[in-house]
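Student: Take a look at the following structure, please.
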Amino acid sequence: MSGFSSPENFDQWPELSSLDAQLGEDANAIQAYRATLDKTRARLQERFSNNEPIEELVRDQARLVDAILLRLWRTFLGQQYGSMALVAVGGYGRGELHPGSDIDVMLLVGKRKISSDDTKGIEQFLAMLWDIGLEVGHSVRTLKECVKEAKTDLTIVTSLMESRLLHGDKELFDKMCDATGPRSMWPADTFFDAKLTEQLARHARHHDTASNLEPNVKSAPGGLRDLQMVDWVAKRHFGNNTMRELVATDFLSAHEYKSLARDRAVLWKLRFALHTVAGRREDRLLFDFQAKIAEQFGYEDKPHSLGVEQMMQAYYRTAIRITRLNEMLLQLFREAILNPGKHTGKKINAEFQIINNNLDVTDQGLFDRRPSALLEVFAHVQEHEEITGVSAKTIRLIRQKRELIDDKFRNDPVNHELFLQILCAPAGVTHELRRMNRYGLLGRFIPAFGKIVGLMQYDLFHAYTVDAHTLFVVSNLRRFSLPKYNHEFPYCSQIMKSLPRPELAYLAGLFHDIAKGRGGDHSELGSVDAEAFCLKFGLDTYDARLVGWLVRNHLVLSVTAQKKDIDDPDVIHEFSELVRDDLHLKYLYVLTVADVRGTNPGMWNSWKASLFENLYRQTRRALDRGLENPIDREELIATTKRQARLRIENLGIDETTRESAWKNFDDSYFLRHSSDEVAWHTHVLTDHPVVHNVVAAVRNLASPSGGSLMVLAPRSSESFARITAVLEQQGLTILDARITNVARDFNLDTYRILGTSTSKHDETERAERIENAILRAFAADATPTVTRSASRAVKIFSTPTITDFTDDPNGRCTVMEVSAADQPGLLSRIGQAFLSVDVMVSAAKITTIGERAEDVFYLTNQAGKPLSVDTRASLEQALGELLPSAA
């Protein structure tokens, strides 16, 4: 059924001629075949390195396998092979093989029972293939079995559609093709419907985006499977053997076919390189391989972009084009296969109509005559909820007329109004922005956005390309505003609904990363773009400046919450002075949550949510009091004590016992801990056993926002290293640490920890294990060693260790920021550096950004004073020795 054939002159390759000569001389067959495969594969690799057309290489790879299989087939089945059929199926049936591709064959036999001689020959044939290094997937089926299995299995019928007779009974092969063809089973409409469902499920497994940072070039949206999907449906419906034949049916223009073939070659080249670099079948473009392939392809680093980022941007743009073409062709097939001659619908106006629930233009000359109609397409889809898509004819016309979006178009107030109408619509905002991006219009209408399409950041923190991330942020903001999603982020939903103009948040989301890849501060550059865009589009000066302010400060709330001590009234006052009023705070809060959640879903957790919400609430209180009347420390301490007393009374602890515990706590303790923590600490100190002057207690391990560890131990610069080593060895993530000096030279340490999901049933047992491990660590002579290894992805990146020291504004301590490769034992090694220079930790804010840890430590000397210049230098040197850059 495949249109592929092996040219006669392929057997004239010198390696194959040499193989035949060796076999004729009774040489060791296994060694001869292995040597031949090694030499021919090396030749193909050399041709690949010389940039020969990839189409020839993948087909020559298949022809090589053909030549080897046929020699062995004849050897082991002798004269019997003519009564069976050796059939290539799947990708091998298409005649397309990459270095690590599956080689799938079927041995098709007639109605007769397979003889013992044939069985023996087949077993020897298959065993020899494995012996020489060809990993072949095989099946032995009768014609009846093919029909039975193909009727119920979409994968099998698809594989048989691509079958190719290598040798044997052609009549039997033709019968199989006819018996499993669309006249006998899986007619075109049923087949199309099933394959479309299969594609939707496959796309969902890849988060419905082509823009994942480690994409699968075969199965992700915009990958090779999307092209094969079109090929399969065309074969089932038209009986085509090649995609090129679609041009003759007018389903594909000559220009579209050239674009498709060019994009397929890009993916083929990447897959060929992937298999070669990985040394195996590997279709995921993992970080492990991206930089190597980029270098192999000749990409070089530039001032504002790495070579690997340039290569990946080329890939993502290819995937977007394939996604666009896949959508258009499948829509054409839907119209031709599922709805032939059916035109149910209605007129919207003289220029647009709805046909079979798809928006359709009534006039092919519409966009030439009135270019603004390009934007009206998306507005109409939003307005009519019965519309499920855009007709293939209209998609094709949009593709052809994108060039009409020029400076004149961008400056037209009519188009400004249309775009804002799309942004302010009650439904479909995200869907239509994504459709605009997919069709290539969003980047033409906003040229700065066009520059970030397919732009990646080579790290583990950003899970998507910049354009995909941007649209995820807008999507998150939209979800905050829709009642059906209230349960996801109730607080954000409540705030979002109180905003006077939610579209300003969407605009800030659209522009917040638009200046990435240019060099310089993307927040500042993007702010200028955003404000200019808003003024150009008719927004008033206040709203334009608000959007610009949001873009400029879109990182500030996150940084403040995660890296600063938000229990410090001075920090809250400083942040409040930045936001100035309640409206700016509300917009910034929802933008921040949408941004962080859309950067990497796997890194969003309840702990971050609680940090952001806590900062928001404290700032609201500060703004309500007035910036001229900042929150007083004494007032905060008094409030914490009052609330803690009530909690402690409910725990059944009397006043005398409470006062006995509290006499060891100074004002800084009550300032840095919540009333809930104070009550818990008090309960532990009055109820928990003391072992060798150490108390350790764990609670709430099953909480999504993280559990807590409390340790009371003699004051020592070694404590931080010991505790963090235990927690890291246990596989726990440390989110926050607060160390408070209490009476009699003791420290009370509180750690916020996050681990793998723990049920309530297991929580008590695991808490006891952690507590006992802490007690053993303090009893040991040396700091425990962390033996866990770094993840595969983290090891790929080279991350230098960078330290920065600043003075606390109030002169209470030295603030040290450390950026280093995130790896098991990192905090313990930092603690050992503190020990080596006799430095004390009073607090730590722990942040992981992909492969990089960005931690903040509040340090003093043994006298409780900021570090001297000499001590800072010694500490920096110790960190450099203990934290080598990961590579």
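Student: How would E876, E149, E432, E385 line up by accessible area, probe 1.4 Å, largest first? Walk me through the numbers before you get to the answer.
Tutor: Numbers: E876 90, E149 65, E432 5, E385 175 Å².
So, going from the largest accessible area down, we get E385, E876, E149, E432.
Student: Each residue of region 261-275 in turn: what ³J(HN,Hα) in whole Hz from Karplus with 6.51, -1.76, 1.60 and θ = phi - 60°, glycine and Pro shown as x?
Tutor: Result, ordered by residue: 5, 5, 5, 5, 5, 4, 5, 4, 5, 4, 5, 4, 5, 4, 4 Hz.
Student: Going Cα to Cα from K151, which aspartates and glutamates come in below 19 Å? Please leave out same-chain ones fewer than 8 positions away.
Tutor: Cross-link targets: E162, D174, D178, D189, D193, E198.
Student: Find the accessible area per residue for the chain; the probe is 1.4 Å, ligands and nucleic acids are left out, and the unit is Å². Before the final figure, lay out the partial values.
Tutor: Numbers: 37930 Å² over 887 residues.
Averaged over the residues of the chain, the accessible area is 43 Å².
Student: Could you work out how much longer the chain between T152 and R633 gets when fully extended? Use 0.36 nm per residue separation minus the Cα distance between them, nm to one decimal.
Tutor: On the way: separation 481, 0.36 × 481 = 173.16 nm, distance 7.29 nm.
Net length gain for the segment: 165.9 nm.
Student: On a full-extension model of 0.36 nm per residue, what is the gain between N810 and E524, subtracting their alpha-carbon distance, rounded to one decimal in nm?
Tutor: Values: separation 286, 0.36 × 286 = 102.96 nm, distance 2.92 nm.
Result: 100.0 nm gained on full extension.
Student: Given +1 on the Cβ of Lys and Arg, -1 on the Cβ of Asp and Glu, and no further charges, what dipole in debye does region 424-541 carry about its Cα centre, rounded to the nearest 20?
Tutor: Details: 13 positive and 11 negative charges, 97 e Å.
That gives region 424-541 a dipole magnitude of about 460 debye.
Student: Okay, next question. Using only Cα atoms and rounding to the nearest 10 degrees, what angle (0 to 90) does helix 502-511 make with the longest principal axis of the chain?
Tutor: Roughly 70 degrees between the two axes.
Student: For a Förster distance of 22 Å, can you work out the FRET efficiency between the beta-carbons of D581 and L555, rounded to the nearest 0.05?
Tutor: Numbers: r = 20 Å, r/R0 = 0.90.
Calculated value: 0.65.
Student: Which value, in debye to the nearest 20, gives the size of the charge dipole of the chain about its Cα centre, when Lys and Arg are +1 and Asp and Glu are -1 at the Cβ?
Tutor: About 2120 debye.
Student: Can you give the extra length, in nm with one decimal, that the chain gains between K39 and K536 once fully stretched, where that is 0.36 nm per residue apart less the Cα-Cα distance? Show your work: numbers first, answer last.
Tutor: Values: separation 497, 0.36 × 497 = 178.92 nm, distance 6.38 nm.
The span from K39 to K536 would gain 172.5 nm if fully extended.
Student: Related question: Out of residues 5 or more away from F352 or on other chains, whose amide H comes under 5 Å of its own, with H placed 1.01 Å from N in the peptide plane?
Tutor: Close amide H contacts, sequence-distant or interchain: T362.
Student: Here is a follow-up. Report, in degrees rounded to the nearest 10, the 0 to 90 angle that the Cα long axis of helix 582-599 makes with the longest principal axis of the chain.
Tutor: 40
Student: Among L196, M106, C177, pick out the residue whose Cα is farthest towards the positive end of the charge dipole of the chain, where Lys and Arg carry +1 and Asp and Glu carry -1 on C-beta, about the Cα centre.
Tutor: Farthest towards the positive end: C177.
Student: Here is a follow-up. Taking R0 as 51 Å, what's the FRET efficiency between Q877 and R47 from their Cβ-Cβ distance, rounded to 0.05? Please report the intermediate quantities before stating the final value.
Tutor: Working: r = 52 Å, r/R0 = 1.03.
Calculated transfer efficiency: 0.45.
Student: Kindly write out, for region 635-641 in residue order, the coupling ³J(HN,Hα) from the Karplus curve 6.51 cos²θ - 1.76 cosθ + 1.60 (θ = phi - 60°), rounded to whole Hz, with x marking Gly and Pro.
Tutor: With coefficients 6.51, -1.76 and 1.60, one gets 5, 4, 4, 4, 5, 4, 4 Hz.
Student: Follow-up question, since we're still on this one. Accessible area of the chain with a 1.4 Å probe: how many percent of it is carbon plus sulfur? Walk me through the numbers before you get to the answer.
Tutor: Numbers: 18540 of 37930 Å².
Here it works out to 49 percent.
Student: What is the calculated FRET efficiency for E385 to E488, with r their C-beta to C-beta distance and R₀ = 22 Å, to the nearest 0.05?
Tutor: Numbers: r = 22 Å, r/R0 = 1.01.
Rounded to the nearest 0.05, the efficiency is 0.50.
Student: Turning to a different aspect of this structure: Which value at 222 nm does the chain reach when only helices count, each DSSP H run of 4 or more adding -39,500 (n - 2.57), with the total divided by all residues and rounded to the nearest 500 deg cm²/dmol?
Tutor: Values: 39 runs with 485 residues, N = 887.
Value at 222 nm, helices only, nearest 500: -17000 deg cm²/dmol.
Student: Past 25 Å, Cα to Cα, is the threshold; run K170/K235; K484/K845; K408/K497 against it and keep the listed order. List each step's numbers first, then the result.
Tutor: Details: K170/K235 20 Å; K484/K845 35 Å; K408/K497 36 Å.
Where the Cα-Cα span goes over 25 Å, the pairs concerned are K484/K845; K408/K497.
Student: Please get the size of the charge dipole for region 92-251, origin at its Cα centre, with Cβ charges of +1 on Lys and Arg and -1 on Asp and Glu, quoted in debye to the nearest 20. Please report the intermediate quantities before stating the final value.
Tutor: Working: 21 positive and 25 negative charges, 90 e Å.
For region 92-251, the charge dipole is close to 440 debye.
Student: Another question about this same structure. Express the relative contact order of the chain as a whole percentage, based on alpha carbon pairs under 8 Å and six or more residues apart in sequence. Each step should come with its number before you reach the end.
Tutor: Details: 1333 pairs, mean separation 57.7, N = 887.
Computed over the chain, the figure is 7 percent.
Student: Along the Cα→Cβ direction, 7 angstrom out, place labels at R280 and F297. What is the inter-label distance in nm?
Tutor: According to this spin-label approximation, the distance is 2.3 nm.
Student: So, in nm, how far is label L23 from label E145 when the simple model puts each one 7 Å beyond its Cα toward the Cβ?
Tutor: Roughly 2.6 nm, to one decimal.
Student: In whole percent, what relative contact order does region 75-217 give with Cα contacts below 8 Å and a gap of six or more residues? Intermediate values should be presented prior to the final figure.
Tutor: Numbers: 167 pairs, mean separation 41.2, N = 143.
Value for region 75-217: 29 percent.
The values are calculated or read from the model by the stated rules, or taken from the named source; none is laboratory data. Keep in mind that what you see is a predicted model, and the values were worked out from it rather than measured. Neighbour counts run over all protein chains shown; Cβ positions are idealised from the backbone, glycine included. Calculation scope for accessible area: heavy atoms of the full protein, side chains included, ligands and nucleic acids excluded. Shrake-Rupley method; radii C 1.70, N 1.55, O 1.52, S 1.80 Å.
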